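Heads up, the thing below is written out as structure tokens.
Readers should treat all values here as calculations from the given coordinates under stated rules, not as data from a laboratory. If you're wondering where the values come from, they're calculated on a predicted model, not measured in any experiment. Cβ sites come from the backbone with ideal geometry, for glycine too, and all protein chains shown count toward neighbours.
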């Protein structure tokens, strides 16, 4: 479940927005499953046809042992991202049959936008002796790790967006087989192998939909690290295997050592990375975590690794170290939690820590990344009134462009990452560098995950942090987590001999905010009144289809945001089915640049704490 995550961060406060990228491609991962004896007697089976991928239609057959006089099935309203997206609008041609030789037709009766009820005739015998078969088609051709896509190049599938389920039977065994797989394609997923080629098993519907699938042609390699086995699937035109493998070995080794070994549920403690790298992978991309795998899409390997470090840490934080409010998963409506600042933002902090502590980033890049997070937060007036807990609660509003405006909201990723680093320094300062945020993460894993329990929002996090620090952290949580006080950065950075520097700069102002739709288009969410774009006639709701004579998509957002003042831009836009040409010069905007630097007069203690933070060590 999740969000859109971008590895690219701007150092300037003005106009900074998170871009989210895209991806594509595939192979088959087969694992021997240790079968757990459970009381469920039935297996719900799925067959998914990949015939004619250019039509973007997946044909699904669901075979359900009958246990009652009526059958109800549903399709999730949301999956992965914290956004209700109503996948049922993509579904068509639902029908069913039941009984011996599928003799009795079943007519679906729709209960709501995502739920269907089938009254069962006498030919369908209840009690597990009859079987109902439901068939439907569902259309998907959206790029990115939190969408699904089928085209002539590949199929990438998030099953929670495709497969219906029986609401009161999610815990039953499931089996799935692919049919009509195009010649030359393989299939990859971190599910247990079934008894037939290209078939798989899962212990429940929830486990089934927590494993994305790719089908197509791709490169792949594998390696072992710290008691875990890793598979890497790569779809890229140009990439350096040696660099990618070496980097992943560093990332996996560090995070596994940090958390005391692999948490993966597979028999071989196996985890799969699925990468889509290149210009084709940017639209709709980023990264999406799953319990035993991740899908990542980025333009360059370096960016993909930044996302991978974040997503792998999710195998602990959010997939297993989890707020109670998110359990059990409810696919029908929003699930609210105030703890996304920790589940997502602190995971971003550990993504940055991992890259720095493994040497993939120099410490100067870590400082620059932290400074860019500070700049982003300080550029959002909404920080004065929306707490990071409220931002977590409001995650479901992120699909609305106006909600993402700087005066309307803050990001729980952004502020959560900052708070993660500062909380680490608070703990190191309180314990003279004998404890750190690393100890908090391990404590949460031991106290909750290993006892099959979940923490109680920020209160559970605070309790673990206070136990680690040996002191009350009430002020920290009251002022900066549940509150909206301005963060005194230098006060928190001082124990590590760090300080912030602030300078005013002029940057380009394109005069509008791009929309953040899941599709490929570059839309206009809002236009600055009186700004250059407004004067030229650009309007909210316009779609920009060309920029200076070439086609554009969402991937061009980053380039537009860093245009220098005075640059001339010509856009071809679509508005209510008509094309218009708009030309103007990029304006000038006063912005604030932040940097985090080492104090030249740091004491021995400050240098020791700073070294501990950078190396992930305690005394």
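Applying the Kirkwood pairwise sum to the alpha-carbon positions of segment 349-414 produces a hydrodynamic radius of 13.1 angstrom.
To the nearest ten degrees, helix 412-430 and the longest principal axis of the Cα atoms of the chain are 60 degrees apart. Expressed as a whole number of Å, what is the distance separating the alpha-carbon centroids of segment 274-311 and segment 197-221? First find each Cα centre; the distance between them is then 17 Å. Between residue 397 and residue 475, the FRET efficiency from the beta-carbon distance, with R0 = 41 Å, is close to 0.90. In this simple spin-label model, placing a label point 7 Å from the Cα along the Cα-to-Cβ direction at both residue 550 and residue 68 gives a separation of 5.7 nm. Computed from the C-beta positions of residue 330 and residue 137, the FRET efficiency with R₀ = 35 Å rounds to 0.85. Note on residue 505 and residue 405: their simple-model spin labels are 2.7 nm apart, each label 7 Å out from Cα toward Cβ.
Legend: Rg and Dmax of segment 511-585, from Cα coordinates, 11.2, 31 Å.
Spacing of the modelled spin labels on residue 604 and residue 219, each 7 Å from Cα toward Cβ, amounts to 5.1 nm. As I understand it, the value is the acute angle between the Cα axis of helix 347-357 and the longest principal axis of the Cα atoms of the chain; what does it come to in degrees, rounded to 10? Computed tilt is about 60 degrees. Over segment 155-237, the ratio between the Cα radius of gyration and 2.2 N^0.38 Å evaluates to 1.20. Taking every Cα-Cα distance in segment 540-618 and sorting them into 5 Å bins from zero, the calculated P(r) comes out as 3, 11, 15, 15, 9, 6, 6, 7, 7, 8, 8, 4, 2, 0 percent. Beta-bridge orientation, the chain: approximately 75 percent antiparallel, per DSSP, counting only bridges with both partners inside. At full extension, residue 456 and residue 490 could sit 9.2 nm farther apart than now, given 0.36 nm per residue minus the alpha carbon distance.
How long is the gain from residue 575 to residue 151 if the chain were fully straight, where each residue apart is worth 0.36 nm and the alpha carbon distance is subtracted? Don't jump to the answer; show the numbers that get you there.
On the way: separation 424, 0.36 × 424 = 152.64 nm, distance 2.84 nm.
Answer, rounded to one decimal: 149.8 nm.
Evaluated at q = 0.09 Å⁻¹, the base-10 log of the normalised Debye intensity for the chain, with identical point scatterers placed on the Cα atoms, takes the values -0.75. Measure nothing but the geometry: give the 0 to 90° angle between the long axis through the Cα atoms of 363-378 and the longest principal axis through the Cα atoms of the chain, rounded to 10°. Rounded to the nearest ten degrees, it is 80.
Packing around the peptides 335-341, 366-372, taken as the average count of other Cβ atoms within 10 Å per residue, puts them in this order, highest first: 335-341, 366-372. The helix-only estimate of mean residue ellipticity at 222 nm for the chain, built from DSSP H runs of length n ≥ 4 each weighted as -39500 (n - 2.57), is -6500 deg cm²/dmol after division by the residue total.
The fraction of Cα-Cα pairs per 10 angstrom bin, counted from 0 for segment 30-218, comes to 9, 37, 37, 16, 1 percent, rounded to whole percents.
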